Amino acid sequence: IRTLQRAQDSKKVSADGLSSLTLSVARLQCKLAETLRLLGSLDESLTLAAAHDRHDHPALAASSLLTVARCHAQNGDLDGAVTALNRSFAPLLAEGDLATILHTYSELARIHLLRNEPDQGLEEVMEGLDLCTLGEGPRAPVDLPLWRCLLSISELHRSAKRLDEAVVWANHALFQAERREDELALLRTHAQLAFLLRLAERPTSAEQHL
């Protein structure tokens with residue numbers, strides 16, 4: 001807010017400087033929109049984020065659309081969330097931000113899970129996995145947090161009552177978590193495997209992940 005006020009008060013700014021300052025204000029507003037969403041002020045967050053969802057800067061447009069999608073999802077408007085997420089891919093691809101692209105596919109899969117559409121969610125997230133690993137699949141040696149995407153695939157299979165497939169993909173997630181030495185990823189993947197193996201009535205195997 002202070003940055004915005006200073007921008008309005010400034011009288012002697014070059015064209016390049018003004019452009020840079022405008023971009024900084026827009027970034028600040030996008031961060032504020034996400035903070036408002038986390039605090040539960042969904043209407044305010046949606047209004048602020050939507051103001052930038054067609055921004056010329058791809059990263060800003062994508063960030064705004066992700067916040068818009070999350071607001072819609074929290075409001076129960078799952079169709080609106082899917083629309084916003086699908087719109088975010090164009091600026092994300094323009095920016096070349098593979099980590100956020102992968103995360104967006106996982107968000108899209110989560111929405112399909114909420115809509116009880118696991119197979120559609122799988123179709124989406126598998127497309128994202130292929131895109132971000134150049135077709136190398138779940139064991140690809142890429143510098144991306146693949147474990148989140150792989151856990152999404154595991155959960156989608158569980159929702160579709162394909163426990164064996166769910167365990168396979170959770171193991172892929174564990175492989176990626178171990179490769180990155182990510183403590184949070186390791187906790188999440190071990191917990192998922194323990195849960196799935198108990199569901200599959202394999203308590204001895206489940207205990208190895210507790």
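The values are calculated or read from the model by the stated rules, or taken from the named source; none is laboratory data. This one's a predicted model, so the numbers in the text were calculated from it and none came from an experiment. Cβ atoms come from the backbone with ideal geometry, glycine included; neighbour counts cover every protein chain shown. Side chains included, ligands, DNA and RNA excluded: accessible areas come from the protein's heavy atoms. Shrake-Rupley method; radii C 1.70, N 1.55, O 1.52, S 1.80 Å.
Quick one: plug the Kirkwood hydrodynamic radius of the range 42-162 (C-alpha pairs) into Stokes-Einstein at 25 °C, 0.890 mPa s, and report D in µm²/s. Rounded to a whole number, D works out at 169 µm²/s. Result for the chain in a Gaussian network model with C-alpha springs under 10 Å: among LEU28, LEU60, LEU150, the largest mean-square fluctuation is at LEU28. Legend: residues LEU65, LEU199, sorted from most to least accessible area (1.4 Å probe; ligands, DNA and RNA excluded), read LEU199, LEU65. When Rg and the Kirkwood Rh are both derived from Cα coordinates, the Rg/Rh ratio for the range 101-140 amounts to 1.01.
Using Cβ point charges alone (K and R +1, D and E -1), the dipole size of the chain about the Cα centre works out to roughly 620 debye. Mean silhouette area of the range 147-210, derived from the convex hull of its C-alpha atoms and averaged over all directions, reads 3.6 nm².
Please sort by residue number the GluC sites (Glu not before Pro) in the range 120-210 whose DSSP state is loop and whose Cβ has at most 10 other Cβ atoms within 10 Å.
GLU181, GLU201
Its residue count N fixes a reference of 2.2 N^0.38 Å for the range 98-183, and the Cα radius of gyration divided by that reference is 0.99.
The heavy atoms of THR22 offer some 80 square angstrom of accessible surface to a 1.4 angstrom probe. The longest stretch of the chain left intact once loop-based trypsin sites (Lys or Arg not before Pro) with at most 15 other Cβ atoms within 10 Å are removed from consideration, loops following DSSP, is 55-114. Across every pair of different alpha-carbon atoms, what Kirkwood hydrodynamic radius in Å does the chain reach? Value: 18.7 Å, from the Cα pair sum. For the range 60-116 and the range 137-203, what is the separation of their C-alpha centers, rounded to whole Å? Centre-to-centre distance over Cα atoms comes out at 22 Å.
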